[in-house]
Amino acid sequence: MAKPTTEKFHQMVLEVETDTPGTYAKICGITGRTVNRSLNVQETEVPGDCDDESVPSEIQIDPQALTVTVNGTAVWASQSHGMMMDWLYLKQRKNIRVGHLNAAVGDTEYESGPAYLVTVNDSAQKAEGAVTREIEIRFDGTPTRTDKA
């Protein structure tokens, strides 16, 4: 049996489009990231048998919308602080992309699209060094998937 091909931290990237359209840059200070993909569903209870009401009902699910969020942990970095504060406070819609650079040819390499920075939490501890930051970015709609060539 073959060993799995894995992906390293530096191969799973989060990038934000710069002021130059089509040019993306990483957010300075990021030390961890998590991509959450969640399909919202509508549940409906359906009778198990029309003639025999003693038969338990079944749950039917109907897919609704896909929600994709990116959570990040970071150390506070002056190189990205201004951009992130503007993104949040000015309620900017920025193009982002999440890359899986070790994807196989033909598999999804990038998920991209417009997104909002919806959470920025900064934390400082007296006994510790650097200020830490947690962020949440939410795609506005379903991201576009681009396969690796």
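The values are calculated or read from the model by the stated rules, or taken from the named source; none is laboratory data. Being a predicted model, the structure only gives us computed values, none of them experimental. Backbone-built Cβ (ideal geometry, glycine too); neighbour counts: all protein chains shown.
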Being in contact with an Asp or Glu (Cβ under 8 Å, 6 or more places away or on another chain) and in a strand (DSSP E or B) is the filter; apply it to the stretch 9-42 and report the residue that is farthest from Pro114 (Cα to Cα). Gln42
Could you give every pair whose Cβ atoms fall below 8 Å, whose first residue belongs to the stretch 123-149 and is more than 13 Å from Val98 (Cβ to Cβ), and whose second residue is acidic (Asp, Glu) and outside any loop (DSSP other than H, G, I, E, B), counting only separations of at least 6 or pairs across chains? Ser123/Glu134; Val131/Asp122; Thr132/Asp122; Arg133/Asp122; Asp147/Glu109; Lys148/Glu109
Looking for something acidic (Asp, Glu) and either touching a Phe, Trp or Tyr at 6+ places or on another chain (Cβ under 8 Å) or in a loop (DSSP other than H, G, I, E, B) (or both) - is there at least one such residue anywhere in the stretch 53-62? yes
Odd one out for Leu39, checked against (1) in contact (Cβ under 8 Å) with a residue 24 or more places away in the chain; (2) out of contact with any Pro (no Cβ under 6 Å at 6 or more places or on another chain): (2)
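Residue-by-condition table, conditions (1) under 12 Å from the mean Cα position of the chain (by Cα); (2) of a type in the set (Phe, Trp, Tyr):
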{"residue": "Tyr89", "(1), (2)": "no, yes"}
{"residue": "Asn102", "(1), (2)": "no, no"}
{"residue": "Tyr110", "(1), (2)": "yes, yes"}
{"residue": "Ala130", "(1), (2)": "no, no"}
{"residue": "Phe139", "(1), (2)": "yes, yes"}
{"residue": "Lys148", "(1), (2)": "no, no"}
Based on this model, can you work out whether Gly129 counts as part of a loop (DSSP other than H, G, I, E, B), at pLDDT 95 or above and surrounded by fewer than 16 Cβ atoms within 10 Å (Cβ to Cβ)? no
Single residue of the stretch 19-57 satisfying the filter (of a type in the set (A, V, I, L, M) and closer than 21 Å to Ile135 by Cα) that is nearest to the chain's Cα centre (by Cα): Val35
Looking only at the stretch 98-108, and only at residues there that are closer than 19 Å to Ile137 by Cα and of a type outside the set (Gly, Ala, Ser), the one that is surrounded by the most Cβ atoms within 10 Å (Cβ to Cβ): Val98
Selection within the stretch 104-122 - aliphatic (A, V, I, L, M) and in contact (Cβ under 8 Å) with a residue 60 or more places away in the chain: Ala104
